[in-house]
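Inspection log for the structure reproduced underneath, given as structure tokens.
The numbers here are math on the coordinates, done by the rules we state, and not lab data. Values in this document were obtained by computation on a predicted structure and should not be read as measured data. Heads up, the Cβs are rebuilt from the backbone with ideal geometry, glycines too, and the neighbour counts pull from every protein chain shown.
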Amino acid sequence: MRQALTYYVLLLLLLAFCFSCRTEPKEKKYVIGVSQCTLEGSWRRSMLLDMKVQASEYPNLSLLVEDAADSSLLQVEQIRSLVKRKVDLLIISANESEPITPAAIEAYRAGIPTILVDRKIDSDEYTTYIGGNNYEIGRLAGFFVNRLVRDQCPTVLEILGLKGSSPAKDRHRGFHDVLDPRIKVREIYGKWRPEVVEQKIAELDSLEEVDVVFAHNDVMALSARKAVGDRDPELMKRIRFMGIDAMSGRGSGLEAVAHGELAASILYPTGGSLAIRIAMQILNGQEVAREYILSSALIDKENAGTLFIQSEQVVDYQHQIEQQRDNLEKMLSKYTFLQNSVGIILLLMGLLLLLALYVIHVYRSVRRKNRELKRTNLQVEQQKEELAEANRYIEKSTTQKLQFFTNITHEIKTPLTLILGPLGKLSKEAPEGSPLADDLRIIRKNAERLKRVVDQLLDFRKVESNKMNMRVCEVDMVAFVAEVKSCFDTMAAGKQVRFTFEYDCPSVMLWVDRDKMEKILANLLSNAFKFTLDGGAITIRLADKGDRVELSVEDNGKGIPPENLASVFDRFFTGDQNYVTGTGIGLHLTREFVHMHKGTIRVASTPLVSTVFTVSLPKGKSHFDDEYCTFDPSVTELSSGVANLNTDEVQETLRRIYDYTLLIVEDDPDIQSYLVAELKQNFHVLVADNGVKALGILMNEEVSLVVSDVMMPEMNGFDLCRRIKSDIVLSHIPVILLTALSDDKQQMYGIAGGADDYIRKPFNIEVVKLRIIKLLEERARLREVYAHDASSPAVSVKGEKAESMDDLFMSRFLKLIEESYADPDFSIEKGSEKLGLSRVHLYRKVKELAGVTPTDFLRNYRLKKAAAMLRRKAGNVNEVAYATGFGSPAYFSKCFKAVYNITPTEYLEKE
């Protein structure tokens, strides 16, 4: 130990000696993060080169450059990554203004100075902006086009950049503000990329009317010229092209103007070197301006040649300067290397001496450490195996929990069906004002409350797994809020709460998802009533704020403690039990629904005085994501007179008795008994416990419609539906699926499997009856169509392509009849053999689809053909009878008169 201590002392002395020579103060190092929307294109590369050249003048400065490759999402991640890496300053050139704004604000609020270059964001929270005046650039382009076309009335094709970028919007606005009103403008978005421009121009119907092409940069202008040339070289000679940037160098916009490929371009400096200089001023604590607007100028054929020659010289000088700078850096590197070599050599010599003495000590330590490492490795292997086993257990447990969640939801919704269904029936039968009616109201209220809790859990799962979509329509918010408020009027009266609705205009139209908006308002009102004492006050306010609408709910109840305000929207947050009880997901879901509308929600509370929840929603519908939204037509349900509908006809339909047989497939005995008891009032009913038994019944009984649960043992409802719809014997039978599963994908799966309808539990039994009746009526109408096809003398055999199993069967059956009707020996028994069906199944199938027996169908078909031949004078009555498969003219005449109420001879004379 004493020897090792000596080694350490000598090492410290040597290190102190080596580094004591460096008396110069250490200069502070700075790191600047550069977030570029893209590094493709000569203009962007030139900007980056200007930054690097300028940065080389500051030895204490280094750049971290990120390329977003035209992806706003990637750029947001890169900006946040640079913030986490704690850069000293951030330079941002935004791909799109709106998506980048939140990340740029986060960086600015984190204390990082932010410089915007070339493109702005939708906020004023940044340090300074450097770039050209894109509005003025657009004006320059507009003035040039006015001069270019003069007294003509041409058409200009404007090729804009990325839709959400600020240069594209400002240039477009400036261009149109000065453009001659007589000039027509067509617009396409090129997204700053040449291949997109070529594709867009190739997709245009015609370019004959286009006289000028104005692109928002030279690259898109040259790509447009190439695309027009590929399409029609003559058009390229007539159409004049104009761009923006006027970059120097080979293949650039300046060269294109000089050579006449472009009529003009507008000089648009990169501002890269200025950005670095301003950045260093900020980092050194100097004052800087809010904006630095770079100068722009129009470049046309008259001055492009001179500028191109000068730019070539500048590029050559710049190349020489860069080469000299590289040589200087190499020399400085060699000098630094030699300067440091002396210290390094001395240090190495000292280390070698110390290492030579230390090696024995190390050797002894290594042997001891090896023994310890072997023991540690053994422990690590055991721990890895334990972790792997724990991970497998967690995965299995998670899967089981999700399955349990699905099963328990099904278990809850099944008894809810049995509670809400009979309750609705009892509520109608109970006398108004009786104690029984009050008890039923309380039971129904709490059952519906339980249903809402289950729905909240399902909504929560959908939101957490990003599986919830939007169905958006335009709604009058004044009438909508009034409707939701009316659901709480009884509660307000019972608690003697002063419940009011205030609004500043008679109508406010807003695009929202009605279901989610109702849940937002109902949740806020439920919380307000929960925490407002009897005799309190609750106020709903609706205010039109121009481009936004604000909806607030205020109460004077218990309020929210200040320490809980920041957490009330967190999932599973319930706070102090004296303050709130519940699942803790209501307000979390409310916030998620508001965010799905691209809105905001905030809360302000003074305990025992006032609590206000305010929801702010944007107007219009452009902010919705088309991928997750379905737009419905505008609705005015609250003012269209649908509140007081006459349902007498519906009730009459529900009271009728129908000669149809239904098959109920349900494994839960209570649900099965409930469905049988309700449906047997209108139909004949058969029952089965699962899909396997149901198939056996279907093969032996004449069933008109199947009502099946989804989750069943042996064979579930999805598989049963697919078996029915894929079996030509059974495919004509309609199938309605009943399920507690609420996922849209599961509903889509059932419908894709051929289900004719899909009803979620808990359900209204009258709605189920109406859907059954309408499905069966639709089937009856189809039978009339097929029967008409077989009997009408004016209709021929269909040649349409079969799309379903039923259409396919009828197509095959009609084809067989067409091929065989003239054969007097042909019979339905022979036809069933050719179709591969038993005579019984063929009878059921044709009877269900056409409404007549196969024998009658064949007879009517022969009569139809006979009528057509008689109209064409294709022979006398006897010849027509034998030609259409009738064994004798007498029997033919008898059948003909029975169908058409006229003899064949009279029909022939009439025609």
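Table for the structure above
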quantity	calculated
Length added when fully stretched, residue 380-residue 629, from 0.36 nm per residue minus Cα-Cα	84.6 nm
Whole-angstrom gap from the stretch 881-911 to the stretch 323-396, using each part's C-alpha centre	107 Å
Ratio of the Cα radius of gyration of the stretch 655-779 to 2.2 N^0.38 Å, where N counts its residues	0.95
Among 329-336, 185-192, the order from most to least packed when residues are scored by Cβ within 10 Å on average	185-192, 329-336
Segment residue 29-residue 390, extension gain: residue separation times 0.36 nm, minus the distance between their alpha carbons	125.3 nm
Ordering of 337-350, 218-231 by packing [mean C-beta count within 10 Å, highest first]	218-231, 337-350
Label-point separation, residue 359 to residue 726 (7 Å along Cα→Cβ), nm	7.7 nm
Between the stretch 70-145 and the stretch 469-535, the Cα center-to-center distance that results, in Å	40 Å
Under the Karplus curve 6.51 cos²θ - 1.76 cosθ + 1.60, θ = phi - 60°, whole-Hz ³J(HN,Hα) for the stretch 211-217, x wherever Gly or Pro sits	10, 9, 10, 10, 9, 6, 7
Of 495/621; 120/200; 184/237, pairs whose Cα-Cα distance is over 30 Å	495/621
Gain on full stretching of the segment that runs from residue 504 to residue 489 - 0.36 nm per residue minus C-alpha separation	3.3 nm
FRET efficiency for residue 186 and residue 471, using Cβ-Cβ distance with R0 set to 30 Å, rounded to 0.05	0.30
Approximate spin-label separation residue 759-residue 533, in nm, with each point projected 7 Å along Cα-to-Cβ	4.8 nm
Mean Cβ neighbour count within 10 Å, used as a protection proxy, ranking 896-906, 708-718 highest first	708-718, 896-906
